[in-house]
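Worksheet: the structure to be examined is printed underneath.
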Amino acid sequence: MTASLPPAVLSIDWQVLVDAVGLGAVYALMAVGIGLVFGVLRLVNFAYGQLIMAGAYALAFASQWDWPLWAGVALCFAVVIALSLAMDRVVFRPLRTQSPAVMLVATFSVAFLLQSVALLAFGPLGKAASSLGYLNRPVTIGGVDIRKITLVAIVIAVVCLVALVLLLERTTVGLHMRAAAMDFRTSRLLGVRADRVIGSAVLVSALLAAAVAVILTVQNPLVTPDFALRDTIVVLAGVVVGGMNRLLSATLGGFAIGFVSGLLGGALPTDQSQYLPSFLFGLVILVLLVRPGGLFSRGHGPMERV
Amino acid sequence: MSGSDAILELRGVGVAYGGVAAVRDLSLEVRRGEIVGLIGPNGAGKSTTLHAIMGLVPPRDGEILLGGRSIRGRNPESVAQSGVALVPEGRRIFAELSVEENLRLGLAGRRGAAGAEEDVNRVYDLFPVVKEFRRRHAGALSGGQQQQLAIARALVAAPDVLLLDEPSLGLSPTVVDIVFRALASIRERGVTVLLVEQRAQRTVALADRTYVLANGELRMILTPADAADTQKMVAAYLS
């Protein structure tokens, strides 16, 4: 850090605020995707970013093949859902009863395996997903220039979160998912089908990953094997900071870390943006020291259940 | 006892945790409409027996039959959907869900949606407190009310057999009375019950037949007449 921070640090304007909300919205969606699977499987899916990466490559290829936009988005969703279900069937479900450490290492392995496969198959230089590039153009609202994708991201996040709340609160499968997240064993004893609950959580999580892939490829059209890796690490930190054991606190944690990251990114001058991760993760450590159970969770115990 | 009308039957069941046997060569049967008791000191293997029936622990030996068909090796949700409902030890209600949502979870064990509303109304008649507090968080109920909810939740699944694991544990004597009265009522409605209990005398008096377990093995079988025979009751635990 320089001895004196430039005045630009404090130059948070409306545009930065809206961008920060947009990033918070995307990270909230990722947090929900990670939190849902954690709820029923007690598994922190580090490979969530690679699902997004796979979706982004699907969009890039569709763009390269001149597919219409809808077909590209459909391909993205199909690839992410198929990969997510395969990941669940082949690795996560068989390891469901193992220790958290085993499951975490398994998800690390899946993540880096997929990244390596992408590197071998598609090379390190990346592919452009440009079909939705026009969403990067700004619209002016109240004198503030806002990129369309930021508004789209916020709307998608709100729609997805409302739909998810309706699913969880108003449907039988939602009730079963909530119950399984609270006490999986008792839920099964009552006749709640573990396969159905896990499958539903994995499917919803995949749908969210695909939506995030679409949004992130607009913001960053160059798709490389490490696409969304950094975002996933930041969101995982956000989920833990917010409170892992409740979906709401995990989501708020995801939003908060995205929002703060967006604010810091906007406030720091371009030539000092390398300080962003240090600030962000310094803040993460500080919050964890003060509230290890989660910033938004009830109580303090890290083992508190839903 | 003839095996033909047994709704639930265990034949030579053995269960081990690691290398340690928790239940050895246990045979028992529960016939339609009966209340059958299962008593014994702590560590006798009572809860393990229920867990083996529900598919929570795999039996090492023997056979578990429901309506004459094997359910051994099935997972818990499959056993539940075959017509066996468990009221687990410690109630295990979902404290953050409403009373009504807890009941809706019990419907997951039903074999069909038909008649669900009537069954819910029947359990409301049996446990008025569950109906009265149906909009509350289940965690806000007292221990006795939670126990009634746990039994109600199992009953809405319309099971062929209801398994209860120490339903009176930790309850005041008044509430224990309510629970035992409810069990008698449940029998009158034709539900078959396998009751694991620590309150030996009350269980023996209520049940058509009570199996006494010790160290994982069947020690003796008691009838309601034995409930008043203090010597026999003491022998059941200490011999």
Which far-off residues, 5 or more places away or on another chain, put their amide H under 5 Å from the one on B:G62, with H placed in the peptide plane? B:G14
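What helices does chain B hold that run 20 Å or longer along their axis, going by alpha-carbon atoms, with a Kyte-Doolittle average of 0.0 or more, using DSSP H for the helix calls?
Long hydrophobic helices here: B:173-188.
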Can you bin every Cα-Cα distance in chain B into 5 Å intervals starting at zero and give me the percent of pairs per bin, rounded to whole numbers? 1, 7, 14, 19, 20, 17, 12, 7, 3, 0
State the antiparallel share, in %, of DSSP beta bridges confined to the protein assembly as shown, rounding to the nearest 5. 60
List the residues whose amide H sits under 5 Å from the amide H of B:A214, counting only those 5 or more places along or on another chain, with H placed 1.01 Å from N in the peptide plane. B:R219
Using each residue's phi in the range A:87-95, evaluate 6.51 cos²θ - 1.76 cosθ + 1.60 at θ = phi - 60° and report the 3J(HN,Hα) Karplus result to the nearest Hz, with x for Gly and Pro. 4, 5, 5, 7, 10, 5, 5, x, 9
Apply the Karplus parameterisation 6.51 cos²θ - 1.76 cosθ + 1.60, with θ equal to phi minus 60°, to every residue of the range A:199-204 and state each ³J(HN,Hα) to the nearest whole Hz, in sequence, with x for glycine and proline. x, 5, 5, 5, 5, 4
Rounded to the nearest 20 Debye, what is the dipole magnitude of the range B:1-130 about its Cα centre when Lys and Arg each give +1 and Asp and Glu each give -1 at the C-beta? 400
Working from the pairwise distances between different alpha carbons, so that the mean of 1/r is found and then inverted, what is the range B:1-67's Kirkwood radius in Å? 12.3
Using eta = 0.692 mPa s and T = 37 °C, Stokes-Einstein with Kirkwood Rh from Cα pairs puts D for the protein assembly as shown, in µm² s⁻¹, at 125
Which value in deg cm²/dmol, rounded to the nearest 500, describes the helix-derived mean residue ellipticity at 222 nm for the protein assembly as shown, given -39,500 (n - 2.57) per DSSP H run of n ≥ 4 and division by the residue count? -17000 deg cm²/dmol
Looking only at lysines whose Cα falls under 26 Å of B:K131's and that sit 8 or more positions away or on another chain, we get none
With unit charges on the beta carbons (Lys and Arg positive, Asp and Glu negative) and the dipole taken about the Cα centre of the range B:6-238, which residue among B:A114, B:S70, B:V156 sits farthest to the positive side? B:A114
Report P(r) for chain A: all Cα-Cα distances, bin width 10 Å, range 0 to the bin holding the largest distance, values in whole percent. 6, 26, 35, 24, 8, 1, 0
For the range B:23-36, Karplus couplings with θ = phi - 60° (6.51, -1.76, 1.60), whole Hz, Gly/Pro x: 9, 10, 6, 8, 10, 7, 9, 10, 9, 3, x, 8, 10, 10
What Kirkwood Rh does the range B:117-208 have if only Cα atoms enter the pairwise 1/r average? Answer in Å. 13.5
Which percent of the Cα-Cα distances in the range A:113-201 go past 15 Å? 74
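Readers should treat all values here as calculations from the given coordinates under stated rules, not as data from a laboratory. Keep in mind it's a predicted model, so treat the numbers as computed, not measured. Don't worry about glycine lacking a Cβ; one is built from the backbone with ideal geometry, like all the others, and counts go over all protein chains shown.
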